[in-house]
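Encoded as structure tokens, the structure appears first; notes follow it.
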Amino acid sequence: MKNSEITEAFIETNKLHPTVQEIYTRSSDSYSRFKTLFLKKEHLINLQNANKVGILAEIKSIWFTKENSLFIYNYCTTTVEEINGFGHSILFVKIFTPTSGIFSKNINYCLFVLTKHEAIIYAIESDTNNIVYTDFSCKLLSQPCSLEVQKDKLFIGCTDGNVYSVIYKVVPLLGYKTMSLYTTSNFIARAVKTVFRRKYEEVHHLSVGKMYLAALNNNLSIFEFKNNLKSIKTFSLSKKYVSCQILEEEPLLVSCTEPNGNRDFFSFEGKVFSKEHCEFVKEGESMAVVSDTTKQVVLRKSNGISFLYLLAQNEDQLVNFKPDSPSENCEQINVDLGVKSIYLKNNTLIILSNNKIKEYEIFSYKKMLLNCRTEEIYSLHKNYGDLNFMIKYFELLADNENVYKIEAFCKNKNIKRFAFFCYLAQALKKIWTLNLCDIFKKSETLIYFNNLVKKFVNLENKVKMSNGFIDELAQTYYYCSFLNDYNIKYTETLEIILTKSNESFKRKTLKQLLKIFEKNKSIDSLLKTMNNMCPALFYIIVIKKRTVVVCLCQLINKSIAHLHFIFQINKFLN
């Protein structure tokens, strides 16, 4: 087997990590206290007379309402766009990515607006950020009290206790636009509640994952939305919760946050464990909670002071689990009293108050390593372990970062070499088993592969540790790109070409290239191209009747004229 080191690295990379539930239940209840928030930008604004406000980070804007008008203010260009014509007060505004094929290519995002009795979709032009009416609108069956989006999926929680899925589409051929609401609760069930005057339990919070939707009122309801919205589990709750968040879906794990910041965690079997907030919160102190899959922001107001807590899962527990280590990091900052809205997604935190908007970057673990003090780096090295810490080192080195602070922790040469190949394996994992033809057909994977080759070549120039693997990978990329230019088909993957015998692949593709270039009488051009792109990949000398056989004799040291003579003999024999 060729390149055995990369094969061993993939075995290490593909090891199963503990689930989020296992990490939380078996880790320490304490919190680490690393600094991860960095204030990037601050913009002055004025929202004194606004009724409702929110953040539209995707288009670097905020929205606010005055009476029944909606205003979109871009805080980078300081431009305002007003949208009129709403018959009722506006309750929610969110951005989502529309279903492909409904709008033109110029529309990357849409605006979803909920009033008390109506839902409306607007398109956002990508080049100008202008808001365009789309004719997608529908009446609501009940007043909305929560809204959540997941790419092109829209879900509304209402005061009647139901969750509604928004369905919008264009009728083929006719071009007619339709928009409707779907819920799992049927008309008879709603009528029974009305006749017997049963109290509705409004759905005050929603959380959406890739497969499941969690809805919170007096119960915690779990829905599946692969095709249509389908209720699959309901938990009766004995406590009051202000929010819920899907943390993991395979297996399912949902956290529910109490008004004091404490959390209970639920799986399909019921409540599995609880965790206290990182600070003691007195009864009656107001709390606001914003969450995504791996992070949670808690806003606490006490004695005229506002505190913001960022809770984030510790990555080191995922890759190097230790029962006595904390599963989460907690960071506290002081914020303005008049906080109106909070946006949290991936590594971005935006805080909107009456007179300013602050944009924070949440450091990834790589960024945190670059900004830590020496004693903090020592602590992270201990948590990650030698192997995973050195993988982070190579990630930073490949990104051309200054790694002098952490280089002192990477002295073991054997582990360092294995960590180097583990880094390569982690980066290649996305495309390792994909058909190479498919990689070059899709722009996303092609760009990824191209950038990866550049990064690997740059890294190899610094460390000289790949033992020829990166050179072979780069030449394979150039050769396959050349094959793609001439629309030559094959079924091999990077895994097959780089770790197993690839003579069949080279023989098959080279024969197809020869046919094309012999037809155009441009064999010299082919040889020059091959010698420049992949001199060590192909070896051509042994010739049998009607067949060009690939064998181990480098193009180097063989003149163009000599090779041309060989091809002429081959042509004569055929």
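Bear in mind these aren't lab numbers, they're just calculated from the coordinates by the rules spelled out. Note that the structure is a prediction, hence the values are computed from the model and not measured. Quick reminder, even Gly has a Cβ in these numbers, built from the backbone with ideal geometry, and neighbours come from all protein chains shown.
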Relative contact order for the chain: what percent, with Cα pairs under 8 Å and sequence separation of 6 or more?
12 percent
Taking every alpha carbon pair in segment 348-405 and sorting the distances into 5 angstrom bins from 0 up to the bin holding the longest one, the percent per bin comes out as 4, 16, 24, 19, 11, 9, 8, 6, 3, 0
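Which trypsin sites (Lys or Arg not before Pro) in segment 243-351 pass both tests, a DSSP loop state and at most 10 other beta-carbon atoms within 10 Å? Before the final figure, lay out the partial values.
Working: sites: Arg263, Lys271, Lys275, Lys282, Lys295, Arg300, Lys301, Lys340, Lys345; in loops: Lys282.
Answer in residue order: Lys282.
Relative to 2.2 N^0.38 Å, what does the C-alpha radius of gyration of segment 359-502 come to as a ratio? Two decimals please.
Details: Rg = 17.4 Å, N = 144, 2.2 N^0.38 = 14.5 Å.
This ratio for segment 359-502 stands at 1.20.
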Can you tell me which lysines have their Cα less than 16 Å from the Cα of Lys40? Leave out same-chain residues fewer than eight positions away.
Lys60, Lys345, Lys356, Lys358, Lys367
For Lys519, counting only aspartates and glutamates whose alpha-carbon sits under 18 Å away and dropping same-chain residues fewer than eight positions off, the answer is Asp485
Going by Cα centres, segment 242-280 and segment 350-423 are how many Å apart?
29 Å
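Here are some pairs, Lys153/Lys177; Lys392/Lys464; Lys41/Lys442; Lys226/Lys392; Lys454/Lys521; which of them have Cα atoms lying more than 27 Å apart in this structure?
Working: Lys153/Lys177 17 Å; Lys392/Lys464 18 Å; Lys41/Lys442 36 Å; Lys226/Lys392 36 Å; Lys454/Lys521 34 Å.
From the list (Lys153/Lys177; Lys392/Lys464; Lys41/Lys442; Lys226/Lys392; Lys454/Lys521), the Cα-Cα distance tops 27 Å for Lys41/Lys442; Lys226/Lys392; Lys454/Lys521.
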Using DSSP to define loop residues, name the chymotrypsin sites (Phe, Trp or Tyr not before Pro) in segment 298-336 whose beta-carbon has at most 16 other beta-carbon atoms within 10 Å.
Phe321
Inter-probe distance in nm under a simple model that places probes 7 Å from Cα toward Cβ, at Asn74 and Ser236:
5.4 nm
What's the angle, to the nearest 10 degrees (0 to 90), between helix 413-428's Cα axis and the longest principal axis of the chain?
70 degrees
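Full extension from Thr348 to Asn532: what is 0.36 nm times the residue separation minus their Cα-Cα distance, to one decimal in nm?
On the way: separation 184, 0.36 × 184 = 66.24 nm, distance 4.42 nm.
That pair, Thr348 and Asn532, stretches by 61.8 nm at full extension.
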Which values, in whole Å and largest first, are the semi-axes of the equivalent ellipsoid of segment 51-137 obtained as the square root of 5 times each eigenvalue of the Cα gyration tensor?
19, 17, 10
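Count charges around Met211 for me, please; just the other residues with Cβ under 9 Å from its Cβ, Lys/Arg as +1, Asp/Glu as -1. Walk me through the numbers before you get to the answer.
On the way: positive: Lys210, Lys226; negative: Glu224, Glu249, Glu250.
Once all neighbours under 9 Å are counted, the net charge is -1.
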Jot down the radius of gyration and Dmax of segment 375-418, Cα atoms only, both in angstrom.
9.8, 26
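Against the globular-protein guess of 2.2 N^0.38 Å, express the Cα radius of gyration of the chain as a ratio, rounded to two decimals. Intermediate values should be presented prior to the final figure.
Values: Rg = 29.4 Å, N = 574, 2.2 N^0.38 = 24.6 Å.
Relative to the rule-of-thumb radius for its length, the chain sits at 1.20.
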Any chance you could list the semi-axes, whole Å, largest first, of the equivalent ellipsoid that the Cα gyration tensor gives for segment 419-459, using √(5λ)?
19, 12, 6
Return P(r) of segment 1-59 (all Cα-Cα pairs; 5 Å bins starting at 0; whole %; ordered from short to long distances).
4, 9, 8, 10, 9, 9, 13, 13, 10, 6, 4, 3, 2, 1, 0
Tell me the angle of helix 503-519 to the major Cα principal axis of the chain, expressed in degrees between 0 and 90 and rounded to the nearest ten.
70 degrees
